[in-house]
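Notes follow the structure.
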Amino acid sequence: MFDFTDCGILTASNLTNVKSVTLGNTTFGESKTVECETGYRLHNNNNNNNSVVSSVVKCEATGKWTVFAGCEKKGKSPFAIHISIRIFVFPPIRAIYPSIV
């Protein structure tokens, strides 16, 4: 008799803002693709890339799924540096027109 470790159905612990999870077996070695909802990206992906919207999780021999980072709203990286430069000229430049005398 074979003893297949079953990871069971993925729980909602990190499945907030998830659009879909592939169906199929939940036993050791099986994998599922988890896809974020529109407008969300995979949390903590490389360089906070907005195009990374899905991840594969696998059923481990321990009977648990590999860690799914979760989905976060797409947007700018929290570590982005924004620089704004303004140049002011004092006194203001005025046009000088020649006068005819």
**Study point:** Hits in segment 39-75 (condition: surrounded by 17 or more Cβ atoms within 10 Å (Cβ to Cβ) and within 18 Å of Asp6 (Cα to Cα))
**Key:** Val57, Cys59, Trp65, Phe68
Study note, to complete from the structure: Note: among Glu30, Glu37, just one is out of contact with any Ser or Thr (no Cβ under 6 Å at 6 or more places or on another chain), of a type outside the set (S, T, N, Q) and within 18 Å of Glu72 (Cα to Cα), namely Glu37
Review point. When the residues of segment 23-38 are filtered to those that are surrounded by 13 or more Cβ atoms within 10 Å (Cβ to Cβ) and either of a type in the set (Gly, Ala, Ser) or under 9 Å from the mean Cα position of the chain (by Cα) (or both), which remaining residue is farthest from Ile9 (Cα to Cα)?
Key: Cys36
Check your understanding: Say we look at segment 42-101 and pick out the residues that are of a type in the set (Ser, Thr, Tyr) and either at pLDDT below 55 or over 14 Å from the mean Cα position of the chain (by Cα) (or both); which of these is farthest from Ile9 (Cα to Cα)?
Key -> Ser99
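The values are calculated or read from the model by the stated rules, or taken from the named source; none is laboratory data. This one's a predicted model, so the numbers in the text were calculated from it and none came from an experiment. Neighbour counts run over all protein chains shown; Cβ positions are idealised from the backbone, glycine included.
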